[in-house]
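Below is one structure; the comments refer to it alone.
Only the coordinates and a few stated rules stand behind these numbers; no lab work does. Fair warning: this is a prediction, and the values are worked out from it, not measured in the lab. Positions of Cβ are backbone-derived with ideal geometry, glycine not excepted, and every protein chain shown enters the neighbour counts.
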Amino acid sequence: MTLPQRVKLVEVGPRDGLQNEKRMVPTAVKIELIERLADAGLSVIEATSFVSPQWVPQMADNAEVLRTLLASPRRRPEVSYPVLTPNLRGFDAAVEAGAEEVAIFAAASETFSQKNLNCSIAESLKRFAAVADAASALEIRLRGYVSCVVACPYEGAVDPEKTAWVAQRLFAMGCHEISLGDTIGAGTPASIRRMIEACGAVVPIDRLAGHYHDTYGMAIANIYASLELGMTVFDSSVAGLGGCPYAVGASGNVASEDVLYLLQGLGIDCGVEMEKLLAASQFISSYLGREPASKVARALLARRSAG
Ligand code: HMG
Ligand code: MG
């Protein structure tokens with residue numbers, strides 16, 4: 001089995017992670033976190049989301065976050081800052097703030113679609129098609145997410161064919177990459193493999209990304225299984241921050257530090273420096289007043305403090 005030699009990490013902590021924090025995180029802290037992540041070598045950092053502030057108050061400073069990052073003297077030209085846009089209203093606001101890449105987010109489960117977007121899957125795809133057309137007209141890159149790719153917090157197991165159908169629809173709309181979200185982290189290498197095989201039959205594997213939450217501690221095993229199938233893009237969250245506000249009990253994405261440690265151990269390059277990533281992890285963890293959820297971060301920091 002040959003594993004890929006290079007992998008792209010998409011850092012989603014500032015969005016997927018922080019969206020779930022009850023206490024408002026100041027805009028300046030978000031900016032500092034994102035700039036530290038860019039300094040660590042992450043080249044794609046999901047910065048915020050242009051969703052309703054009534055639904056996700058933590059992301060209400062979306063325009064200020066994006067504008068500040070794009071105008072920052074620390075900005076690195078190779079780093080992109082995609083943002084979530086659930087509808088045209090969000091898309092227009094994102095473009096106004098300077099967005100160069102946006103992401104639309106559908107689900108493979110009807111109930112989750114209702115809870116997360118307040119509409120059916122079919123209705124969400126209609127709204128996303130409008131966003132996709134607007135993005136294409138402005139040459140803005142478009143990423144697509146599918147949530148609940150193997151399991152839904154309300155409906156239980158999800159048929160891989162249903163996930164593949166939604167992934168295919170997003171791909172046909174012009175998404176350059178489809179991120180497959182195990183929203184509640186319930187997948188195992190067996191269910192993740194079945195799901196990727198179904199999606200890989202309708203979308204090229206190099207256009208698929210793994211977005212695995214680590215609720216059951218399976219995310220690293222699921223990434224390994226995905227690498228074996230030739231997947232080369234993974235979403236991760238610094239310090240393992242996060243969860244989804246509409247998936248009660250779901251914990252954060254797989255920690256970026258844990259993924260980096262896995263990749264380094266396998267000799268797979270992703271362009272990220274552990275020391276700088278750890279510094280970013282410590283920065284946000286100390287702001288939030290808790291230990292990073294990342295086992296790798298905890299182990300490396302404990303070893304360091306033991307001298
Ligand atoms: P709705 O209430 O059905 O929308 O929400 P509406 O069109 O009826 O509008 C209601 C109000 O929201 C109106 O304001 C609109 O103007 C406003 P009012 O007139 O009452 O003052 N509104 C907006 N405001 C700002 N930005 C917008 C926007 N749209 C409408 N874009 C809506 C529908 C989609 C907006 C809402 O359901 C929503 O914001 N949902 C987003 C939920 C969310 O952010 N979830 C977390 C991200 S997804 C995730 O975490 C999963 C992922 O990580 C993958 C995985 O792990 O599976 C990606
Ligand atoms: Mg997520």
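Using the crude model of +1 on Lys and Arg Cβ and -1 on Asp and Glu Cβ, and no other charge, please compute the dipole size for the chain relative to its Cα centre, in debye to 20. Before the final figure, lay out the partial values.
Values: 28 positive and 34 negative charges, 84 e Å.
In total the dipole reaches around 400 debye.
Testing the spin-label approximation: label points 7 Å from Cα along Cα→Cβ at Ser286 and Tyr216. State their distance in nm.
Inter-label distance under the simple model: 3.7 nm.
Take the alpha carbon gyration tensor of region 217-286, find the square roots of its eigenvalues, order them as a ≥ b ≥ c, and report rounded if a/c is under 1.5; if not, report prolate when a/b exceeds b/c, else oblate.
Oblate, because a/c is 1.5 or more while a/b does not exceed b/c.
Show me 126-136, 11-21, 81-91 ranked by packing, highest mean number of other Cβ atoms within 10 Å first.
Top of the packing list down: 11-21, 81-91, 126-136.
If we sort 184-190, 92-98 on the protection proxy, mean other Cβ atoms within 10 Å, highest first, what's the order? Walk me through the numbers on the way to the answer.
On the way: 184-190: 19.6, 92-98: 17.4.
With the highest mean Cβ count within 10 Å placed first, the list reads 184-190, 92-98.
Over 31 Å between C-alpha atoms is what I'm after, so list which of Lys30/Lys295; Lys22/Lys276; Lys8/Lys30; Lys115/Lys276; Lys162/Lys295 land there. Intermediate values should be presented prior to the final figure.
Working: Lys30/Lys295 23 Å; Lys22/Lys276 27 Å; Lys8/Lys30 22 Å; Lys115/Lys276 37 Å; Lys162/Lys295 34 Å.
Table pairs above 31 Å Cα-Cα are Lys115/Lys276; Lys162/Lys295.
Okay, helix-only estimate at 222 nm for the chain: each DSSP H run of n ≥ 4 adds -39500 (n - 2.57), divide by all residues, round to 500 deg cm²/dmol; what do you get? Write out the running numbers ahead of the final one.
Details: 11 runs with 129 residues, N = 307.
Mean residue ellipticity at 222 nm (helix-derived): -13000 deg cm²/dmol.
Please work out the Cα center distance from region 217-239 to region 4-27, rounded to the nearest Å.
The distance from the Cα centre of region 217-239 to that of region 4-27 comes to 15 Å.
Compute the orientation-averaged projected area for region 49-147 from the convex hull of its Cα atoms and round it to one decimal in nm². Display every interim value, and only then the final one.
On the way: hull surface 25.2 nm².
Taking a quarter of the hull surface, the average projection is 6.3 nm².
When Rg is the radius of gyration of the Cα atoms in the chain and Rh is its Kirkwood radius, what does Rg/Rh come to? Don't skip to the answer; put the middle values down first.
On the way: Rg = 17.7 Å, Rh = 19.0 Å.
Looking at the chain, the ratio lands at 0.94.
For the chain, modelled as a Gaussian network with Cα springs under 10 Å, which listed residue fluctuates most, Ser147, Ser256, Ser113?
Result for the chain, Cα springs under 10 Å: Ser113 fluctuates most.
For the residue pair Glu228 and Arg304, what label-to-label distance in nm results when each label sits 7 Å from Cα along the Cα-to-beta-carbon direction?
Going by the 7 Å Cα→Cβ label model, 3.4 nm.
Order the peptides 281-290, 265-274 from the highest to the lowest mean number of other Cβ atoms within 10 Å of their residues.
Values: 281-290: 17.2, 265-274: 14.2.
In descending order of packing, they fall as 281-290, 265-274.
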